[in-house]
Every structure is written in C-alpha cells, then in structure tokens.
Amino acid sequence: MEIINRRQRMSSVTRKLRREQDKTIGLVPTMGALHEGHLSLVREARQMCDVVVVSVFVNPTQFGPGEDFARYPRDLTQDTTRLADYNVEYIFAPTVEEIYPKNFSTYVTVEGLSEQLEGVARPGHFRGVATVLTILFNTVRPDFAFFGQKDAQQTLVVKRLVRDLAFDTEIVVLPTVREDSGLALSSRNTYLDNEERRAAAVLYRALSQAREVYKEGERSARRLAEAARDVVDSEPRARLEYISVTDAETMEKLDKISDERPVLIALAVHIGRTRLIDNIVLRPARQKARTAELKSP
Ligand code: AMP
C-alpha cells in the first residue's frame with residue numbers, strides 16, 4: 001500500500017495502470033476516521049475493481065463557518081491500518097493546499113438538487129462536495145466511485161454531477177451500515193457520550209415508524225412525516241431539524257405518495273451539540289416484485 005499526498009503523483013500512477021496494464025480503478029472518497037460504513041464501500045470496490053484508491057481528505061469547502069471542520073476526527077495511522085486489511089493499493093491523502101492551491105477560484109455547483117434539505121441547512125455544502133469530487137475524479141479518473149446511501153442527497157448530487165459534466169465514472173451506491181440499535185455509523189458518532197449515543201437511535205426508530213405507517217397503507221407524506229416526528233419528539237435529548245418526504249430520485253416534495261416510485265424519507269436531528277442525518281427509501285411493493293422478477297433466473 002502506498003500513501004500518496006500529491007495530485008500529480010496520484011494521477012500519474014492511475015494513468016499508468018489504465019494505459020499500460022488496462023486495470024479498472026475504483027475510488028472510495030472519504031473524510032477518514034474510517035468505520036464499517038466506509039469499509040463496506042472498500043469491500044465492494046475490492047470486488048469490482050483491479051485497483052482500489054481510498055481518498056482521505058477532510059474537505060474544508062464543504063463545512064460552513066461555525067461547523068466542525070477543526071474538530072472533525074483525523075487519524076490517518078488508524079485509517080491506514082484498517083485499509084491494509086483490504087489490500088487497498090493506494091491511499092490518497094492530500095493536504096488542503098494540495099487540493100486548493102493559492103488563487104484557487106473554480107467551484108462546481110449542482111443547481112436544484114443542492115438547494116434543498118442539507119443544502120438549506122448547510123449553505124455551500126454541496127458546492128464544496130461537487131468541487132472536491134470533480135478534483136478527485138479528474139486526478140484519479142476512476143472507472144467506479146463508491147458512495148453510501150447514508151448521505152442520500154449527496155448520492156443524487158454526485159450522480160447528477162457525473163451525468164451533466166460527462167465524467168467517465170460509474171457511481172455505485174451501497175446500503176447504510178448500522179449498529180444493532182439502528183444508529184447509522186458515522187464519524188460524527190465519536191462526538192456522542194454514552195447517553196447521547198443511546199438517544200441517537202431515535203433517528204432510525206423514527207424512520208422505521210414512518211415505514212410501518214406506510215406499510216399499513218398510509219400514503220399521505222405529511223402523515224408519514226408526523227409519525228416520524230412524534231418518535232423524535234419522544235426523546236428528550238433529540239431536537240428535530242427537518243424531516244422530508246420526497247421522490248427518491250428527483251427529491252421533489254410529495255403530498256401524496258404514488259405506488260409507482262420510490263420515496264426518500266430523510267431527517268436531520270440534533271443530539272446535544274451533534275447534528276446527525278439519516279434516511280430510508282420506501283419502495284412500492286409492485287416495484288419490488290418487478291426487481292425480484294428481473295433477478296430470478
Ligand atoms: P464521509 O467520510 O463521512 O465523507 O463518508 C465517506 C463515504 O462513506 C460517503 O459516501 C458516505 O455516504 C459513506 N458512509 C458514511 N457512513 C456510512 C454508513 N454508515 N454506511 C454506508 N456508507 C457510509
């Protein structure tokens with residue numbers, strides 16, 4: 001395994017692998033402090049690609065003023081040890097100056113999709129995400145890039161980015177990895193004390209409650225949101241920032257849920273000083289049946 005800090009070295013390594021050895025390259029973009037959620041992406045990349053690059057970069061442009069950029073957990077030594085278990089070939093761990101050199105002045109904005117939910121709560125967040133991914137994609141030129149459903153809106157933004165700007169990279173989205181309590185793994189969970197960690201399971205409980213109500217036949221988006229909100233409200237340490245029920249692909253707000261298209265229920269909740277997000281996708285039974293049919297031999 002090689003740790004690469006320079007853009008130029010990173011692009012020359014992957015250029016060679018592609019041109020001279022015809023290797024497929026998988027990129028797993030991360031901000032480090034790796035946990036099982038990240039590692040599930042690495043495992044899939046390992047299976048699908050000849051060469052795996054994991055980027056570890058806490059990207060300042062996706063943090064707003066007053067957010068946790070300075071205290072975000074960083075531990076490259078531990079990340080390296082974890083990645084060694086998966087025979088990852090390269091870790092790309094550039095400095096901030098390497099990604100954003102002096103006089104850096106070009107940013108990428110994915111309009112529309114970036115302007116809701118997380119985009120409202122964290123202005124400029126997706127501009128930072130789209131910009132750093134553009135730099136990473138242009139540096140590594142991966143055949144595949146791997147993302148977690150945990151950040152549902154991010155997966156839609158990156159798919160749109162790749163389509164609109166014609167990147168030659170396929171986006172692979174993998175399911176959210178959770179603790180037994182249902183709490184989605186996140187590097188930010190390290191901010192939680194024991195009591196808060198227990199309380200944080202309320203996010204998934206709330207989403208699961210909405211799913212139950214949906215299964216019972218409720219198709220009003222407002223009522224699903226209310227069902228989830230009631231669960232969050234029952235946890236004294238939790239403060240709901242938003243809950244939204246949208247089309248899972250376009251993120252259009254819904255009133256009535258159709259039985260034709262998947263629905264995304266996403267929420268952001270503050271537990272003490274820590275802000276957590278989570279989501280689930282509800283798939284209509286008919287769509288599930290169709291997927292099963294397609295899969296059967
Ligand atoms: P981050 O380091 O938080 O920027 O995350 C890097 C990648 O890992 C993103 O694509 C995330 O969506 C993904 N990820 C983070 N947490 C999880 C999780 N619990 N399950 C699956 N993927 C995750």
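Against the criterion of being touching a residue at least 24 places away in the same chain (Cβ under 8 Å), within 12 Å of the ligand (Cβ to nearest atom) and either out of contact with any Gly (no Cβ under 9 Å at 6 or more places or on another chain) or of a type outside the set (D, E, K, R) (or both), V162 does not qualify. Look through segment 194-207, keep the residues that are more than 16 Å from the ligand (Cβ to nearest atom) and touching a residue at least 40 places away in the same chain (Cβ under 8 Å), and return whichever of them is most open to solvent (accessible area, probe 1.4 Å). Here the residue is E195. Any residue that is in a helix (DSSP H, G or I) and either surrounded by fewer than 17 Cβ atoms within 10 Å (Cβ to Cβ) or within 13 Å of the ligand (Cβ to nearest atom) (or both) - is there at least one of those in segment 134-147? Within segment 134-147, one or more residues are in a helix (DSSP H, G or I) and either surrounded by fewer than 17 Cβ atoms within 10 Å (Cβ to Cβ) or within 13 Å of the ligand (Cβ to nearest atom) (or both). Among residues of segment 237-262 that are free of Cβ contacts under 8 Å to residues at least 12 places away in the same chain and of a type in the set (D, E), those with a beta-carbon under 8 Å from a residue that is part of a strand (DSSP E or B) and open to solvent by less than 20 Å² (accessible area, probe 1.4 Å) at least six positions away or on a different chain give the pairs E252/T246. On inspection, R46 qualifies as within 20 Å of the chain's Cα centre (by Cα), away from the ligand (no atom under 13 Å from the Cβ), charged (D, E, K, R) and more than 30 Å from H270 (Cα to Cα). Take the residues in segment 168-188 that are within 7 Å of the ligand (Cβ to nearest atom) and in a loop (DSSP other than H, G, I, E, B), then tell me which one is surrounded by the most Cβ atoms within 10 Å (Cβ to Cβ). Out of the qualifying residues, it is S186.
When K23 is tested against (1) touching a strand residue (DSSP E or B) at 6+ places or on another chain (Cβ under 6 Å); (2) within 13 Å of the ligand (Cβ to nearest atom), only condition (2) is not met.
Condition check ((1) surrounded by fewer than 21 Cβ atoms within 10 Å (Cβ to Cβ); (2) touching a helix residue (DSSP H, G or I) at 6+ places or on another chain (Cβ under 9 Å); (3) in a loop (DSSP other than H, G, I, E, B)) across all residues:
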{"residue": "D68", "(1), (2), (3)": "yes, yes, yes"}
{"residue": "R71", "(1), (2), (3)": "yes, yes, yes"}
{"residue": "R74", "(1), (2), (3)": "yes, no, yes"}
{"residue": "T77", "(1), (2), (3)": "yes, no, no"}
{"residue": "L83", "(1), (2), (3)": "no, yes, no"}
{"residue": "T131", "(1), (2), (3)": "no, yes, no"}
{"residue": "A166", "(1), (2), (3)": "yes, no, yes"}
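Look at segment 56-78: where a residue is under 17 Å from T274 (Cβ atoms) and a partner is at pLDDT 95 or above and assigned to a helix (DSSP H, G or I), sitting 6+ places away or on another chain with Cβ atoms under 7 Å, you get G64/H125; F69/P60; P73/S187; P73/T190. The single condition among (1) in a helix (DSSP H, G or I); (2) away from the ligand (no atom under 15 Å from the Cβ) that H38 does not meet is (2).
The values are calculated or read from the model by the stated rules, or taken from the named source; none is laboratory data. Predicted model only: the values in this text are computed from it and were never measured. Virtual Cβ from ideal backbone geometry, glycine too; neighbours counted across all protein chains shown. Just so you know, the surface numbers come from the protein's heavy atoms only, side chains and all, with ligands and any DNA or RNA stripped out. Shrake-Rupley method; radii C 1.70, N 1.55, O 1.52, S 1.80 Å.
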